[in-house]
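Below is one structure. I have some questions about it.
The values are calculated or read from the model by the stated rules, or taken from the named source; none is laboratory data. Predicted model, so just to flag it, every value in this text is computed and none were measured. All Cβ positions, glycine included, derive from the backbone under ideal geometry; neighbour counts span all protein chains shown.
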Amino acid sequence: MEFSELIRTGRAQAQLLRGPEAPPLRGTLCVTGHHLLLSPGPQSTPDLWLLLLRNVDSIEKRVAGDSGTITLRCKDLRVLQLEIEGVEATLDIARSIEALSSLESVITSFPFFYRPKGLRLGDAWHFHPPERYYKRVARETDAWRLSEVNEDFSLCPSYPRAVIVPRAVDDDALARSARFRQGGRFPVLSYSHSPSGTVLLRSSQPLTGPQKRRCAEDEELLRAVLAGARPGARGFILDTRSAQAAKQARMTGGGTEAKAAYPGWKRLHRPLERGRPLQESFVRLVEACGDPEQSMDRWLSRLEGCRWLAHVKEALSTACLAAQAMEREGACILVHGAEGTDSTLLVTSLAQLILDPMSRTMAGFQELIEREWIQAGHPFQLRCAHSAFSHARPKHEAPTFLLFLDCVWQLGRQFPLSLEFGEGLLLALFEHAYASPFGTFLCNSEKERCLCEVRTRTHSLWSGLNQPKEQRKLQNPLYVLNPLAIWPSVEPQSLRLWQGLFLRWTHPPEPAEVAWEKVWQIVTGKEETEASQPTASA
Amino acid sequence: MEHIRTTKVEQVKLLDRFSTNNKSLTGTLYLTATHLLFIDSHQKETWILHHHIASVEKLALTTAGCPLVIQCKNFRIVHFIVPRERDCHDIYNSLLQLSKQAKYEDLYAFSYNPKQNDSERLQGWQLIDLAEEYKRMGVPNSHWQLSDANREYKAAICRCSQPLSGFSARCLEDEHLLQAISKANPVNRYMYVIDTRPKLNAMANRAAGKGYENEDNYSNIRFQFVGIENIHVMRSSLQKLLEVSGTKGLSVNDFYSGLESSGWLRHIKAVMDAAIFLAKAIMVENASVLVHCSDGWDRTSQVCSLGSLLLDSYYRTIKGFMVLIEKDWISFGHKFSERCGHLDGDPKEVSPVFTQFLECVWHLTEQFPQAFEFNEEFLLQIHEHIHSCQFGNFLGNCQKEREELKLKEKTYSLWPFLLEDQKKYLNPLYSSKSQRFTVLEPNTVSFNFKFWRNMYHQFDRTLHPRQSVFNIIMNMNEQNKQLQKDIQDLESKIKQRKNKQTDGVLTKELLHSVCPESPTLKTSLCFKEQTLLPVNDALRTIEGSSPADNRYSEYAEEFSKPEPAVVSLEYGVARMTC
């Protein structure tokens, strides 16, 4: 397919309005295969203004007289307005943007063409989290092994090639357990908490169906988990659906573990919102945040009505429950909902942040995201196809990953010294998950990424982010290693709207940013030193 | 003390306010002439000043004992269970008596003795001098004799009460006074008159022979209502807010719908908007402004003081803020004793007007983190003392009453004590240079108003962030300053040596020889090791926190295993002192 077929007008004169804070830009507007460019006239600054077309979530056009206006609502929640000379040009440009921003083909997307200076293709793709993480686990316990049973992705298309499983269970048994779980997602190790000798596992729902089928190998697997944990450990199966929803799932072939079949394991139900209701919650919150004129009462009632903070609270408290069961009760935990690719990952990754100081470092957090989200098969392509502005009927979209980032932000607010990364990294991850020049968040699973050769043909986001010039934006200057578990308060009075994200463009908190810069200065001790220190005589 | 029957009760339980499964601490309750004291089994002390008690309630007897619920004016709520009903009854009666005094002379301030002599006390009272303040503002000048003006602008903020106009009454002298005010401003010929009430209320007042200025009778005035509700609305609004935020097992949705229906943040925004209107009139139009409400001591004080805070950076310093409170609140007759319920009086006169002012200031500090010399702790501390009756500043309802009480001879002033502890109240991010002459222009979109958790849940530690950015920055700042000083000392030493030695090559060697014996360097190294580590330790005590503090632990009734009692020490929380 040729992009040129989709580009109706090459260029037009236009003025760009970027909200109340930034000055308008005037110049030549140009649509290319992946970008919208605005090139100011030769007399002004030579800087190009550039927007990745993939970032456009919705587009609105209006013509009046001999000019037109295009409003672009972006996936990163920015709202831009283009005033374009010429009615024809306006319509053509709008159509071109519409067509180009909704292309679904992965291998023609921008990451496959992006070749930034200073980065080598293939850098930072050396992340093989399951393998690397296994080395860490193996140092502490002998109960687990790295299995390559999924080498060709035939057992479970959404798992990576290698997974960590109980040593006592062989690959054949894993294959049978996989057939008993939705999408082949048999229970695998997510995190091993060595201080308590317990583990966190994740999977998808068992396919018990209306006949209440059982699977001996699946039962054996969970038995082996308890046998490999600290002596006398119990297990909890944390189902992220309500008891009723789990029961209903039997009618469609799913279900939940029967008590009698899994001795030592007890089921807990902690319903978490997912799918369309979660997406709608996101949409309604963003809508509410887009109206600065509303009265206090209206704002508070919309904040309540969208339920976003209620979802934050539920996610955090479920993760705390899992973490607490491990740390305080010495119990093993298996988390699953239905497919095991959304709220399951939300819970397992948050529980690790609470318990594991390593995952709170810059490198550890990146590894956590790679291991627990990307390689664990969170379908980014489907979930992040549209953000909060799209008029398209939502199909598979859901801001599960954003909800995770919000929860991490809440943790960071309650433990401002315990995360090595700052809000900047969370914002960057949000943006890149929805539209990125890097390949990291492409596709829905490791299998798809292999087919598309993402590793060899695109740059990794991590190599982009880990460049020294980016660090100041992403790091938390106040970080000190905290070896303890961090237990957040989940009371409504303790949770806050993430203004830095949801109000970032409508309402830039400038004084706060200046203050943050001051914090950096204090921490690095640069402030007075630069100004007042005479050059040392030695 | 005649009110105290029982001074000590053992085996009293202090319930966790938000726990749904009645988690508690056991300890001993002591009753003194001024305080109620609870010492738990970890020797942690909880002191409650009798004057802080807003209400005491004795609930129905349970198998565990007799519950006693105490609500304080600083928003602390404690829930005791006293084993024997008799003891509970005694304490209840004593507290009822002790928390509601009939005479000013029985208030704590008249017995409080911080071991200062009379001249120290007097100095304390002279610390904040309003005559000095008017001089600072540049009045009296050729245009002004007495009132409040702003240094850089010729425009002025004035205040009064509502006119007794009724439907048609006029007062020529009043009209002339207003004309004189607007004439005193050489830049602008018109002036604003801000009535801080909702229009409906002001109109209703006309029927009682009061009301508002008729624009036709006064030349050159622009009249404006800004719609701040009266003290009764504010009182019940706060009450609703506290009911909501005190609910056990509160859901996010109930919290926000409660926050909305209480109207509290709406009222805060109204006060802020009024102050901004005032500041803009002065800043942008250079017009003088006359502010009034009904009586001129509640809403008017809020609006005038906030307006001054926006316009003049001096009031954003620690000392300046004290001056502002003295000027716009104390000396202009805000009825502190009635509004705070210092004495056993009319509960309808109690209203959180000053609390609202502090909350507006807090919102400003959130929006302009570098503009204020003081921090949140300072505001909380002031709030603590408007109710404590420990110092004389806020006693009485007007200047006249205060003089009759001879407060300056019989009580101490709060300000010198706050100044002495100044370090605790400094905002490490304050930037005096860039903010000195700037006028604050806050944005009052609804998003900017948040529930002030640190005020209304000041004593509910489990709801707070577990680590304080503020503390660590404060410490780093101190440390940087110290290191800076060390550098300077060392440099001056090098210079001295250099002057003695003409050979520059030796300097480097010299530097080495200086270091080990230099006392400054030694102290700086010690400083580094000693202050850095304790800071971290101090933080440790809060940071890990315990899952048992939080409600998710209670979701899991399934975790039926009893908790080992020592575990929480592992996280270092149990010993946290506040």
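Starting from region B:473-499, take each residue that is free of Cβ contacts under 8 Å to residues at least 40 places away in the same chain and under 17 Å from B:N427 (Cβ atoms) and list its partners that are surrounded by fewer than 18 Cβ atoms within 10 Å (Cβ to Cβ) and small (G, A, S), counting only C-beta distances under 6 angstrom and pairs at least six apart or across chains.
B:N480/A:G525
Just to be sure I understand, how many residues within region A:435-469 are touching a residue at least 40 places away in the same chain (Cβ under 8 Å) and farther than 18 Å from A:F380 by Cβ?
4
Please count how many residues of region A:471-483 are crowded, with 20+ Cβ neighbours inside 10 Å and within 7 Å of chain B (Cβ to nearest Cβ).
So the answer is 2.
So, in region A:312-363, of the ones that are of a type in the set (V, I, T) and in contact with a Lys or Arg (Cβ under 6 Å, 6 or more places away or on another chain), which residue ends up farthest from the other protein chains (Cβ to nearest Cβ)? Outline the logic, then answer.
Narrowing region A:312-363 to residues of a type in the set (V, I, T): A:312, A:318, A:333, A:335, A:341, A:344, A:347-348, A:354, A:361.
Filter once more, keeping what is in contact with a Lys or Arg (Cβ under 6 Å, 6 or more places away or on another chain): A:318, A:335, A:344, A:348.
On the way: A:T318: 8, A:V335: 14, A:T344: 18, A:T348: 16 Å.
Per the criteria, the residue is A:T344.
Mind checking which residues of region B:55-70 are under 26 Å from B:Q390 (Cβ atoms) and either surrounded by fewer than 18 Cβ atoms within 10 Å (Cβ to Cβ) or basic (K, R) (or both)? Lay out the reasoning, then the answer.
Of region B:55-70, the ones under 26 Å from B:Q390 (Cβ atoms) are B:55-57, B:68-70.
B:S55, B:E57, B:V69 - these are the residues of region B:55-70 that are under 26 Å from B:Q390 (Cβ atoms) and either surrounded by fewer than 18 Cβ atoms within 10 Å (Cβ to Cβ) or basic (K, R) (or both).
Could you say which residue among A:A261, A:A243 is touching a strand residue (DSSP E or B) at 6+ places or on another chain (Cβ under 7 Å) and either in contact (Cβ under 8 Å) with a residue 60 or more places away in the chain or assigned by TED's automatic domain parsing to the domain that holds A:Y191 (or both)?
A:A243
Quick grid of which residues meet (1) within 11 Å of another protein chain (Cβ to nearest Cβ); (2) within 30 Å of B:S261 (Cβ to Cβ); (3) assigned to a helix (DSSP H, G or I):
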{"residue": "B:K423", "(1), (2), (3)": "no, no, yes"}
{"residue": "B:N443", "(1), (2), (3)": "yes, yes, no"}
{"residue": "B:N454", "(1), (2), (3)": "yes, yes, yes"}
{"residue": "B:Q458", "(1), (2), (3)": "no, yes, no"}
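Would you point out the residue of region B:340-363, among those that are assigned to a helix (DSSP H, G or I) and modelled with pLDDT under 95, that is farthest from B:D298 (Cα to Cα)?
Applying the filter and picking the extreme gives B:P347.
Within region A:129-155, work out how many residues are without any contact (Cβ under 8 Å) to a residue 40 or more places away in the chain and either crowded, with 20+ Cβ neighbours inside 10 Å or farther than 21 Å from A:L368 by Cβ (or both).
Count: 11.
Just one of A:G330, A:G364 is surrounded by fewer than 24 Cβ atoms within 10 Å (Cβ to Cβ) and within 22 Å of A:H269 (Cα to Cα); which is it? Step through it out loud before you land on a result.
Values: A:G364 fails: within 22 Å of A:H269 (Cα to Cα).
Every option except A:G330 fails the conditions.
For (1) part of a helix (DSSP H, G or I); (2) farther than 22 Å from B:I473 by Cβ, each residue gets a yes or a no:
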{"site": "B:F394", "(1), (2)": "no, yes"}
{"site": "B:E403", "(1), (2)": "yes, yes"}
{"site": "B:Y430", "(1), (2)": "no, no"}
{"site": "B:F451", "(1), (2)": "no, yes"}
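Turning to a different aspect of this structure: Restricting attention to region B:43-96, report how many residues are of a type in the set (A, V, I, L, M) and not in a strand (DSSP E or B).
Of the residues in region B:43-96, 7 are of a type in the set (A, V, I, L, M) and not in a strand (DSSP E or B).
Now for a separate question. Within region B:180-201, how many residues turn out to be aliphatic (A, V, I, L, M) and surrounded by fewer than 19 Cβ atoms within 10 Å (Cβ to Cβ)?
3
Name the single residue, out of those in region A:258-277 being over 26 Å from A:A388 (Cβ atoms) and not in a loop (DSSP other than H, G, I, E, B), that is nearest to the chain's Cα centre (by Cα).
It comes out as A:H269.
While we're here: Hey, does region A:94-115 have a residue that's in a helix (DSSP H, G or I) and basic (K, R)?
Within region A:94-115 (the criterion being in a helix (DSSP H, G or I) and basic (K, R)), the answer is yes, since at least one residue qualifies.
Could you check region A:364-387 and list, in sequence order, the residues that are of a type in the set (A, V, I, L, M) and touching a Lys or Arg at 6+ places or on another chain (Cβ under 8 Å)?
A:A376, A:L382, A:A385
So which residues in region B:259-287 are of a type in the set (G, A, S) and either away from every other protein chain (no Cβ under 14 Å) or buried (at least 21 other Cβ atoms within 10 Å of the Cβ) (or both)?
B:S262, B:G263, B:A270, B:A274, B:A275, B:A279, B:A281, B:A287
Within region A:440-460, is even one residue crowded, with 18+ Cβ neighbours inside 10 Å, within 14 Å of another protein chain (Cβ to nearest Cβ) and part of a loop (DSSP other than H, G, I, E, B)? Walk me through it before giving the result.
Here is the first cut: in region A:440-460, the ones crowded, with 18+ Cβ neighbours inside 10 Å are A:440-449, A:452, A:454, A:458-460.
Keeping just the survivors that are within 14 Å of another protein chain (Cβ to nearest Cβ) gives none.
The answer is no, given that none of the residues of region A:440-460 is crowded, with 18+ Cβ neighbours inside 10 Å, within 14 Å of another protein chain (Cβ to nearest Cβ) and part of a loop (DSSP other than H, G, I, E, B).
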